[in-house]
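**Q** Before we start, here is the structure in question, set down as structure tokens.
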Amino acid sequence: MTNLIEFTLALFLIVLGASYLFQHEHWTQFMREAIERPWRLFPTALVMLASGIFIGSTYNDWSSTWPVFITVIAWLMALEGAIMLLFPGFLKRMEKVSDNFFALYFRAGGILLIILGASLYGQFFGFR
């Protein structure tokens, strides 16, 4: 089960990072729509909450660097999902953020997620 969680999280980070990097215009539009209609985030929030709780509770490992990273990411996913469900209007604070900032945020975040996902994959499965 542990290898499945590590592999799934690594691929998830790589694919999400690539999406952020290459589709930042769509993610910026998604953020604008979410700011206007917060209820649109409910399906995403439910998946994040359930995934975070599942991974966090089954992989709750605080022993060394990479397992702690996975555990922290899992609990942050659960926390973010809960915040989106309990406080859907929190995105209104981002109303004045420019589209250029969102695009930069998604591109930089995409690069970071790809690096983290590849590092996680390499750490547990090696690059062959």
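**Q** Val15 - would you say it is under 16 Å from Gly117 (Cα atoms), β-branched (Val, Ile, Thr) and part of a helix (DSSP H, G or I)?
**A** Working: under 16 Å from Gly117 (Cα atoms): yes; β-branched (Val, Ile, Thr): yes; part of a helix (DSSP H, G or I): yes.
So Val15 fits the description; yes.
**Q** Something else about it: What residue, of Gly117, Gly122, Gly110, Gly81, is more than 20 Å from Phe30 (Cα to Cα), in a helix (DSSP H, G or I) and touching a Leu at 6+ places or on another chain (Cβ under 9 Å)?
**A** On the way: Gly122 fails: touching a Leu at 6+ places or on another chain (Cβ under 9 Å); Gly110 fails: more than 20 Å from Phe30 (Cα to Cα); Gly81 fails: more than 20 Å from Phe30 (Cα to Cα).
When all the criteria are applied, what remains is Gly117.
**Q** Quick check on this structure: which one of Glu33, Glu25, Glu6 is more than 21 Å from Leu112 (Cβ to Cβ) and either in a helix (DSSP H, G or I) or in contact (Cβ under 8 Å) with a residue 24 or more places away in the chain (or both)?
**A** Values: Glu25 fails: more than 21 Å from Leu112 (Cβ to Cβ); Glu6 fails: more than 21 Å from Leu112 (Cβ to Cβ).
Exactly one residue qualifies, and that residue is Glu33.
**Q** Same structure again: Filter region 25-58 down to the residues that are more than 19 Å from Ala82 (Cα to Cα) and either touching a Leu at 6+ places or on another chain (Cβ under 8 Å) or among the acidic types (Asp, Glu) (or both) and list them by number.
**A** To start, the set of residues in region 25-58 that are more than 19 Å from Ala82 (Cα to Cα) comprises 25-30, 32-33, 36.
Within region 25-58, Glu25, Glu33, Glu36 qualify.
**Q** Same structure, new question: Check Ser19 against each of (1) hydroxyl-bearing (Ser, Thr, Tyr); (2) out of contact with any Gly (no Cβ under 8 Å at 6 or more places or on another chain); (3) at pLDDT 90 or above and name the one condition it does not meet.
**A** So Ser19 meets the others, but not (2).
**Q** Among the numbered conditions (1) under 15 Å from the mean Cα position of the chain (by Cα); (2) at pLDDT below 95, tell me where Thr65 comes up short.
**A** Looking at each condition in turn, Thr65 falls short on (1).
**Q** For the subset of region 6-24 comprising residues that are surrounded by fewer than 18 Cβ atoms within 10 Å (Cβ to Cβ) and of a type in the set (A, V, I, L, M, F, W, C), which member is farthest from Ile70 (Cα to Cα)?
**A** First, pick out the residues of region 6-24 that are surrounded by fewer than 18 Cβ atoms within 10 Å (Cβ to Cβ): 7-8, 11-12, 15-16, 18-19, 22-23.
Next, from what is left, pick out any that are of a type in the set (A, V, I, L, M, F, W, C): 7, 11-12, 15-16, 18, 22.
Working: Phe7: 11, Leu11: 13, Phe12: 12, Val15: 17, Leu16: 16, Ala18: 19, Phe22: 25 Å.
Among those that are surrounded by fewer than 18 Cβ atoms within 10 Å (Cβ to Cβ) and of a type in the set (A, V, I, L, M, F, W, C), it is Phe22.
**Q** Out of region 36-45, which residues are without any contact (Cβ under 8 Å) to a residue 40 or more places away in the chain and assigned to a helix (DSSP H, G or I)?
**A** Filtering region 36-45 for residues without any contact (Cβ under 8 Å) to a residue 40 or more places away in the chain gives 36-37, 40, 43.
Correct list: Glu36, Arg40, Pro43.
**Q** Additional query: Taking the residues in region 78-90 that are of a type outside the set (D, E, K, R) and within 15 Å of the chain's Cα centre (by Cα) as candidates, determine which candidate is surrounded by the most Cβ atoms within 10 Å (Cβ to Cβ).
**A** If we filter region 78-90 for residues that are of a type outside the set (D, E, K, R), which is where we start, we get 78-79, 81-90.
Right, trim to within 15 Å of the chain's Cα centre (by Cα) and you get 78-79, 81-84.
Numbers: Ala78: 20, Leu79: 14, Gly81: 22, Ala82: 15, Ile83: 14, Met84: 20.
So the residue we want is Gly81.
**Q** List the number of the failed condition for Tyr121; all other conditions in (1) in contact (Cβ under 8 Å) with a residue 12 or more places away in the chain; (2) hydroxyl-bearing (Ser, Thr, Tyr); (3) farther than 21 Å from Asn3 by Cβ hold.
**A** All conditions pass for Tyr121, except number (3).
Per-residue answers, yes or no, for (1) out of contact with any Phe, Trp or Tyr (no Cβ under 9 Å at 6 or more places or on another chain); (2) surrounded by 16 or more Cβ atoms within 10 Å (Cβ to Cβ); (3) closer than 26 Å to Arg40 by Cα; (4) hydrophobic (A, V, I, L, M, F, W, C):
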| site | (1), (2), (3), (4) |
| --- | --- |
| Ile73 | yes, yes, yes, yes |
| Leu76 | yes, no, yes, yes |
| Lys92 | yes, no, yes, no |
| Asp99 | yes, no, yes, no |
| Phe106 | no, yes, yes, yes |
| Gly110 | no, yes, yes, no |
| Leu116 | no, yes, no, yes |
| Ser119 | no, no, no, no |
| Gly126 | yes, no, no, no |
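The values are calculated or read from the model by the stated rules, or taken from the named source; none is laboratory data. It should be emphasised that the depicted structure is a prediction, and the values quoted were computed from it without experimental measurement. Glycine also receives a Cβ, built like all others from the backbone with ideal geometry; neighbour counts cover every protein chain displayed.
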